[in-house]
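Peer 1: Shown below is the structure under consideration.
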Amino acid sequence: MDYKVRPRRLRLHSEKAMFPSKPVPKPPSRSADHGVRLGPLPELLVSFVKQRFGRPLAAHGEAVAAISRNFTSDRNELTPAYLSSPPARAAYLAYYAVTGAATVQAALELAGAWDRLPKDRLRILDLGAGPLSATLGVAAVAGPATRLQITAIDGVRTAMQDGGQVLATLRPDAELTIHAGNLREAKFLHSSAGGEYDLILFANVLNEWSVGGRKTMTPGALVESVLERHLAPGGIALIVEPATRHGSHVVIETREHLATSLGWPILAPCRGAKVCPLATSHKDWCFTERSWTRPPHIVAYDTAMEHDRSTLKFSYLAVQRTEPAASDPKQFRVIGGPMRDAGLLRRYVCGPDGRRVVEVPELQAPPALGSAWRGDILTLNGVAGETNRQGRREPVLQLSDLPPPRPRPPEGRGSFEREGPRPGFESGAPPRNGPRSAPRTGGGPRPSRPKR
């Protein structure tokens with residue numbers, strides 16, 4: 001992996017600014033964190049990085065930026081053992097272990113997994129574990145009475161050992177076993193995993209499956225082989241991938257393999273559809289967005305990289321080895337952002353019969369329809385139909401029992417917008433395309449631009 005950085009240097013805050021003595025208050029307009037409960041984990045990771053690598057946290061900013069560029073570029077440029085490099089490992093622990101742990105917590109919350117997992121003893125299998133980011137997210141939430149038994153498998157032993165030291169500080173009672181080797185070697189994989197587990201974690205593994213090594217099986221076949229042998233009855237498997245087109249479609253392909261070909265019940269995010277409506281689409285993809293409170297040093301890194309991670313965006317799939325539960329035909333998962341179109345509020349949702357677009361007059365729209373986050377579940381009463389917009393036919397859900405139209409809001413603010421910033425924007429931050437220019441109020445010639 002290439003860790004050379006651009007000529008410009010990242011300007012990070014001082015250590016004192018990155019870790020203020022007083023807690024940073026939440027902006028009053030932000031929504032509550034969606035199941036993210038990191039507790040002391042960010043501070044433990046920061047302390048470990050300083051002691052382990054002997055450099056101040058700000059010194060790892062350029063390595064964080066280098067990893068970020070490689071994650072968002074062509075996956076073929078990513079070497080399989082990139083965490084064997086100490087600068088990469090330090091940067092990953094400082095930044096991506098925090099965001100990875102938060103993402104796993106949010107995904108398990110969406111799936112309703114915390115109430116389904118055992119409270120006395122929790123057996124965890126972390127595949128492609130890296131520095132145990134996913135395991136640390138679970139350990140930060142699991143109650144002190146829960147006995148944690150963890151098996152971690154990855155190609156880089158030092159990465160797992162680093163994460164293991166943080167885990168020992170976070171949960172001294174946790175039992176950790178690590179195995180270093182190639183996940184593509186079926187004999188090594190299954191002999192290392194051993195028995196059955198209550199929770200199996202695939203965190204940012206499948207989207208890197210095509211990088212390096214022999215491709216003896218597809219990601220779906222890998223998940224199938226692991227779940228068939230190592231998922232205990234009633235156990236849950238969680239797959240989390242980046243909210244990119246590639247990451248999402250890897251999750252969708254795996255979902256189709258498990259649900260359609262093998263008949264495995266999907267716990268989340270699907271709401272009972274037999275076939276994913278995006279399985280054959282190369283244009284659209286499915287991802288979730290959750291709010292969270294970033295630790296100060298994550299804010300500092302994001303500011304230096306001009307990166308917006310004020311919300312967590314990810315694709316995920318949760319599977320439980322149990323009898324499938326009946327889906328409520330009135331419950332839909334929100335899978336798209338709000339859209340205005342000629343006085344209508346339109347939003348994509350997914351339910352038992354697949355994806356539909358909810359189309360309702362903006363002034364009669366239920367407030368929850370506009371304020372919901374991607375990934376939220378809404379209960380909607382409506383009639384299924386079909387719409388034809390600009391020659392494109394798509395399923396639609398026409399809501400029934402709508403209230404009388406509300407008074408039109410002041411110009412420039414739609415009735416369905418959230419109070420406060422939209423997801424993905426900090427309080428007071430301008431839109432990504434810059435501030436909107438003031439509308440022209442009179443006739444006459446358009447004013448000329450000032451000369452530079």
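Values quoted throughout were computed directly from the atomic coordinates according to the rules given, and no laboratory measurement underlies them. Worth saying up front: this structure is predicted, and the values here are computed from it rather than measured. For neighbour counting, all protein chains shown are included, and Cβ atoms are generated from backbone atoms with ideal geometry for every residue, glycine included.
Peer 1: For the range 15-320, what is the percent of antiparallel DSSP beta bridges, rounded to the nearest 5? List each step's numbers first, then the result.
Peer 2: Details: 13 of 36 bridges.
Bridges in the range 15-320 are about 35 percent antiparallel.
Peer 1: Could you work out the pair-distance distribution P(r) of the range 15-320 from its alpha-carbon pairs, with 20 angstrom bin width and percents rounded to whole numbers?
Peer 2: Histogram of Cα-Cα distances, whole percents per bin: 34, 61, 5.
Peer 1: Right, next: Let me spell out the model: positive unit charges on the Cβ of Lys and Arg, negative unit charges on the Cβ of Asp and Glu, origin at the Cα centre of the range 34-178. What dipole size does that give, in debye rounded to 20? Could you put the intermediate results ahead of the total?
Peer 2: Working: 14 positive and 12 negative charges, 39 e Å.
Rounded to the nearest 20 debye, it is 180 debye.
Peer 1: Moving on to the next point. Under unit Cβ charges (Lys, Arg +1; Asp, Glu -1), what dipole magnitude, rounded to 20 debye, does the range 15-320 have relative to its Cα centre? Don't skip to the end; give the middle numbers.
Peer 2: On the way: 32 positive and 28 negative charges, 58 e Å.
Dipole about the Cα centre, nearest 20: 280 debye.
Peer 1: Using a 10 Å cut-off around each Cβ, can you sort H34, H257, H60, H246 from fewest to most neighbouring Cβ atoms? Provide the component values of the computation, followed by the final result.
Peer 2: Working: H34 21, H257 18, H60 26, H246 15.
Taking fewest neighbouring Cβ atoms as first place, the list is H246, H257, H34, H60.
Peer 1: Within the range 122-168, list the trypsin sites (Lys or Arg not before Pro) lying in a DSSP loop whose Cβ has at most 14 other Cβ atoms in a 10 Å radius.
Peer 2: Numbers: sites: R123, R147, R157; in loops: none.
For trypsin sites (Lys or Arg not before Pro) across the range 122-168 that sit outside H, G, I, E and B with at most 14 neighbouring Cβ atoms in 10 Å, the list is empty.
Peer 1: Could you work out the Rg to Rh ratio of the range 68-174, with Rh taken as the Kirkwood radius (inverse of the mean 1/r over all Cα pairs)? Show your work: numbers first, answer last.
Peer 2: Details: Rg = 14.4 Å, Rh = 14.6 Å.
Ratio of gyration radius to Kirkwood radius: 0.99.
Peer 1: If one computes the Cα centroid of the range 82-109 and of the range 227-243, what distance in Å separates the two points?
Peer 2: After rounding, the separation between the Cα centres reads 20 Å.
Peer 1: Could I have the simple spin-label model distance between Q398 and S84, label points 7 Å from Cα toward Cβ, reported in nm to one decimal?
Peer 2: 6.3
Peer 1: Let me ask another. Mind giving me the FRET efficiency for A342 and T260? R0 is 30 Å, r the Cβ-Cβ distance, nearest 0.05 is fine.
Peer 2: 0.20
Peer 1: Need one number: nm distance between label points at R245 and T177, each 7 Å from Cα along Cα→Cβ, rounded to one decimal.
Peer 2: In this crude spin-label approximation the distance works out to 4.3 nm.
Peer 1: Using the Karplus curve 6.51 cos²θ - 1.76 cosθ + 1.60 with θ = phi - 60°, work out ³J(HN,Hα) for each residue of the range 48-58 in order, rounded to whole Hz, and write x for Gly and Pro.
Peer 2: 5, 4, 5, 6, 6, 10, x, 9, x, 4, 4
Peer 1: Consider all pairwise Cα distances in the range 331-399 and report the whole-number % of them above 20 Å. Mind dumping the intermediate values first?
Peer 2: Details: 424 of 2346 pairs.
It works out to 18 percent of all Cα pairs.
Peer 1: Please check which bits of the range 289-327 a label hung off A384 would reach, taking the label as a point 7 Å along Cα-to-C-beta and the cut-off as backbone N under 14 Å.
Peer 2: 327
Peer 1: Sort 263-274, 127-138 by the packing proxy (mean of other Cβ within 10 Å over each peptide's residues), most packed first.
Peer 2: Values: 263-274: 18.4, 127-138: 27.8.
The packing order, highest mean first, is 127-138, 263-274.
Peer 1: Could you give the distance between the Cα centres of the range 283-316 and the range 118-164, to the whole Å?
Peer 2: 23
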